[in-house]
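Trainee: Okay, handing you the structure first.
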Amino acid sequence: MAGRTTIAPGRKHGWVLYAGKSEQAQGDDPAVLAGRRGDVVMAYPVSCLSTFLVTLPSVESSLLESMVFAQVEKRGLAGKLSGETLFDFEKIDHSGEGDLYQVTVVIEMPEGLALKSAIGFTSSAAVQDVSTRPVARIWKELGRYVLAIYREGRPVHAQVLSSRPELGNALAGEVNLSLMGLQGEPGLANSFPETLEVALDGNEVEGFAAFSDSVTLPVEKVAHSIRDRVTSRLRLTPASVIGARRKSRNTVKTLIGLAVGLMIYLVVGAWFWKKAKTTQQEVVSLERQVEILQPDVERIQLSEQKWKLLEPAFDKNFFPMIQLNRITSALPGNGVVVREFRTDGRSIRLRGQARDVQLANRLVEDLRAMDGFSAYEWSMPNPKVEKNNTATFEIEGKPKHAQPEQ
């Protein structure tokens, strides 16, 4: 995400607010500088970052982040922010050995930098206004000089110089050593800086001549400036800022939901109030109609009861001969005698004698299994065992879900 308002480290101390390339204000608290602006990009000081180049094999994007994190852990840079690890990576080259990535790790979080209203975060090296040619640049940041190497306008290396913060031979010697050490880095062999830019204010001239004479690269003095539009890096956003954004979005959603709910409540309430007034007379009219229809309803209910009494005369399953025939077909070949068969068209009662209790139980099970009696529930109290070991039984069958007799 790109923004035209940037808060970057000051040259001596504190922070500087830029609108585009123009410096607007300075201060010690980024939140005060940002005010109510909604397009601020925060820039980490180089002293709070650690950068390195690494070559990795070409893999799926879903595996890349874990591979970069393994490199961060390998260098002992993980968990520097109270257990949190903020790191970013960007592919800058490809070769037969794999893909070359520039990795940036946040190792320190200055007070006030985790601005909750910021739209994004980046490094102070990334906001410098440099050309797309291979170039090195030094500038003063928080009272110290900083050296950065750029490739196609993107920083691939940045470090704070340890020399005294003044131009001269000592600073030039440290720059030369740093550049010499970077010459063997992968990705810089074919695009090593051709020029060293020194970003100065108008009154910073003392020692420049001695510095430029001692540096191995051609030196070019440029005005200190930043990019007009600064692109932030999503992975460098602190967890506290992400949590604050989520909480803010949830709060807004809740308020919108409450407002919409209140509006719906008022609209529906007004409609119900109006509807209640118009339907009150209809309710009274319906009650009168119910009173008029009540005698007809009672006559219909009485007719239903009469039809239920007549049902055995129309349903063959309730014909006594059909029932007796089915019971006879359920009897075993021998060993069971039915002494009495009674039916009122619906309920069936059998009394008889079986050679033993098992045959009586078998008869009940066979009746339950018959398709013709699937609408019946059969029950049998414990048969009475006679002196000759025969069993006298009484079986009763009733229609399922039958209402109790009144």
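Trainee: Can you tell me which residues in segment 21-41 are closer than 19 Å to Leu200 by Cα and either touching a residue at least 12 places away in the same chain (Cβ under 8 Å) or assigned by TED's automatic domain parsing to the domain that holds Leu142 (or both)?
Mentor: Scanning segment 21-41 gives Lys21, Gln26.
Trainee: Can I ask one more? Given the criterion at pLDDT below 85 and either surrounded by 10 or more Cβ atoms within 10 Å (Cβ to Cβ) or outside any helix (DSSP H, G or I) (or both), identify the matching residue among Val297, Val337.
Mentor: Val297
Trainee: Taking only pairs six or more apart or across chains, which ones have beta-carbon atoms under 7 Å, a first residue in segment 45-62 that is closer than 23 Å to Leu147 by Cβ and in a loop (DSSP other than H, G, I, E, B), and a second residue that is at pLDDT 90 or above and polar (S, T, N, Q)?
Mentor: Pro45/Ser124
Trainee: Now for a separate question. State yes or no: is Val72 surrounded by 16 or more Cβ atoms within 10 Å (Cβ to Cβ), assigned by TED's automatic domain parsing to the domain that holds Lys140 and either at pLDDT 90 or above or over 27 Å from Ala199 (Cα atoms) (or both)?
Mentor: yes
Trainee: Could we say that Leu77 is at pLDDT 90 or above, under 21 Å from Asp129 (Cα atoms) and not in a helix (DSSP H, G or I) here?
Mentor: When the stated conditions are applied, Leu77 does not pass them.
Trainee: Moving on. Would a scan of segment 159-182 turn up a residue that is modelled with pLDDT of 90 or more, assigned to a strand (DSSP E or B) and in contact with a helix residue (DSSP H, G or I) (Cβ under 6 Å, 6 or more places away or on another chain)?
Mentor: Scanning segment 159-182 turns up at least one residue that is modelled with pLDDT of 90 or more, assigned to a strand (DSSP E or B) and in contact with a helix residue (DSSP H, G or I) (Cβ under 6 Å, 6 or more places away or on another chain).
Trainee: Return the residue satisfying two criteria in turn: it lies in segment 8-22 and is touching a Phe, Trp or Tyr at 6+ places or on another chain (Cβ under 9 Å) and part of a strand (DSSP E or B), and of such residues it is nearest to Arg36 (Cα to Cα).
Mentor: Among those that are touching a Phe, Trp or Tyr at 6+ places or on another chain (Cβ under 9 Å) and part of a strand (DSSP E or B), it is Ala8.
Trainee: Still on this structure, please answer the following. Which of the residues that make up segment 340-357 are within 15 Å of Glu396 (Cβ to Cβ), of a type outside the set (Phe, Trp, Tyr) and either part of a strand (DSSP E or B) or under 60 Å from the mean Cα position of the chain (by Cα) (or both)?
Mentor: Of everything in segment 340-357, those that are within 15 Å of Glu396 (Cβ to Cβ), of a type outside the set (Phe, Trp, Tyr) and either part of a strand (DSSP E or B) or under 60 Å from the mean Cα position of the chain (by Cα) (or both) turn out to be Glu340, Arg342, Thr343, Ile348, Arg349, Leu350, Arg351, Gly352.
Trainee: Failed condition for Arg4, given (1) in the same structural domain as His157 (by TED's automatic domain parsing); (2) out of contact with any helix residue (DSSP H, G or I) (no Cβ under 7 Å at 6 or more places or on another chain); (3) modelled with pLDDT under 90; (4) not aliphatic (A, V, I, L, M), with all others met?
Mentor: Tallying (1) in the same structural domain as His157 (by TED's automatic domain parsing); (2) out of contact with any helix residue (DSSP H, G or I) (no Cβ under 7 Å at 6 or more places or on another chain); (3) modelled with pLDDT under 90; (4) not aliphatic (A, V, I, L, M), Arg4 fails exactly one: (1).
Trainee: Now for a separate question. Using the structure shown, decide if Glu282 is loosely packed, with under 11 Cβ neighbours inside 10 Å and charged (D, E, K, R).
Mentor: yes
Trainee: Consider segment 175-218. How many of its residues are polar (S, T, N, Q), more than 27 Å from Leu53 (Cβ to Cβ) and exposed (fewer than 13 other Cβ atoms within 10 Å of the Cβ)?
Mentor: 1
The values are calculated or read from the model by the stated rules, or taken from the named source; none is laboratory data. Given the structure is predicted, the values throughout are model-derived calculations rather than measurements. Glycine also receives a Cβ, built like all others from the backbone with ideal geometry; neighbour counts cover every protein chain displayed.
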